[in-house]
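This report refers to the structure that appears directly beneath it.
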Amino acid sequence: MVYLTRIEHFNAAHKLYNPEWDKEKNEVVFGKCANENWHGHNYELYVTIKGEVMEETGFLFDVKILSLLIKQYVLDKLDHKNLNVDVEFLKNKMCTTENLAKAIWNQLHPHLPQAVKLHCIKLYETPRIFVEYFGD
Amino acid sequence: MINKVSVYRKEHFNAAHRLNNASWDAAKNETVFGKCNNPSYHGHNYEMEVKVTGVPDIETGFVIDLKMLSDTINDHVIEKLDHKNLNLDIPEFSKLNPTAENIVIVIYNILREKLNSDLELQVRLYETPRNFVEYPVT
């Protein structure tokens, strides 16, 4: 078994705001992140897959194809976007890093071949804050 | 010989923005600014390096007390810009495009006013880990 990681990045605006709560409660719970006019981040995305190395190619998976899948199903939909407003697969979700990592997993998982398992989505919201999701 | 030394303080903030020239139509804005023109904004983790140059004080050995520099940056720059929408929340950008170039000039002007005029000041601003600007040019 080998683990392979592709690092990508995108940037986006968002806010943390629960529409079921009033403005005061949102500000108490989410602080500055609740700013109505949005704020934003440079997200760094680590996609780790795992599996056996194919004898013929020496590859676990062609990283160029992995890169294209991430681009098509994740980056093209998130980069330079407003996560709360522009992204279909985040609709009605709180746009936290936790939920974003899970949503990225769900975007990629169906498009990987059977022999390759998605192992981890690691997502940095800032250089000092990141989450990891292993699909369970 | 004057023994000048540069000292640096790194700080960070994050913000939303968009690049748009109000005197152009949507098509031209999109051609020039591409994805950065998205009407619903996008955002960045900005990292800044503030460089202060001067002769260390004989009594303290400091060019500037770095705690004081940190407080000045936090009180006048970070508090103002962090978790904000640069286009909507910051008066300086109501008519000025919030490019990294213009943001670094705004930050420099804010800090320049607060620091002793004997000290030289230069600000480097990272918009992403790969894109950064510096002002003033020496």
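Within region A:80-136, restricting attention to residues that are in contact with a Cys (Cβ under 7 Å, 6 or more places away or on another chain) and of a type in the set (A, V, I, L, M, F, W, C), the residue that is surrounded by the most Cβ atoms within 10 Å (Cβ to Cβ) is A:LEU83. Restrict the check to region A:45-55 and report whether at least one residue is facing another protein chain (nearest Cβ under 9 Å), in contact with a Lys or Arg (Cβ under 9 Å, 6 or more places away or on another chain) and closer than 20 Å to A:THR126 by Cα. Taking every residue of region A:45-55 in turn, none turns out to be facing another protein chain (nearest Cβ under 9 Å), in contact with a Lys or Arg (Cβ under 9 Å, 6 or more places away or on another chain) and closer than 20 Å to A:THR126 by Cα. Given the structure, is A:TYR17 part of a loop (DSSP other than H, G, I, E, B), within 22 Å of the chain's Cα centre (by Cα) and within 14 Å of chain B (Cβ to nearest Cβ)? Considered against the rule, which asks whether it is part of a loop (DSSP other than H, G, I, E, B), within 22 Å of the chain's Cα centre (by Cα) and within 14 Å of chain B (Cβ to nearest Cβ), A:TYR17 comes out as yes.
Applying the set (1) within 10 Å of the chain's Cα centre (by Cα); (2) at pLDDT below 95 to B:ILE103 leaves exactly one unmet item: (2). Here the helices (runs of 4 or more DSSP H) wholly within region B:1-107 that include at least 1 residues being within 30 Å of A:VAL85 (Cα to Cα) and within 14 Å of another protein chain (Cβ to nearest Cβ) are B:26-33, B:86-89. Can you name the residue in region B:44-75 that is under 30 Å from A:PHE10 (Cα atoms) and touching a Lys or Arg at 6+ places or on another chain (Cβ under 6 Å) and is also surrounded by the most Cβ atoms within 10 Å (Cβ to Cβ) among such residues? Among those residues, the one meeting the criterion is B:VAL50. Criterion applied to A:VAL74, A:VAL85 was being in a helix (DSSP H, G or I) and within 14 Å of another protein chain (Cβ to nearest Cβ), and the one residue passing it is A:VAL85. Say whether the condition of being among the small types (Gly, Ala, Ser), touching a strand residue (DSSP E or B) at 6+ places or on another chain (Cβ under 7 Å) and surrounded by fewer than 20 Cβ atoms within 10 Å (Cβ to Cβ) is met by at least one residue in region A:13-25. Within region A:13-25, not a single residue is among the small types (Gly, Ala, Ser), touching a strand residue (DSSP E or B) at 6+ places or on another chain (Cβ under 7 Å) and surrounded by fewer than 20 Cβ atoms within 10 Å (Cβ to Cβ).
The values are calculated or read from the model by the stated rules, or taken from the named source; none is laboratory data. Being a predicted model, the structure only gives us computed values, none of them experimental. Quick reminder, even Gly has a Cβ in these numbers, built from the backbone with ideal geometry, and neighbours come from all protein chains shown.
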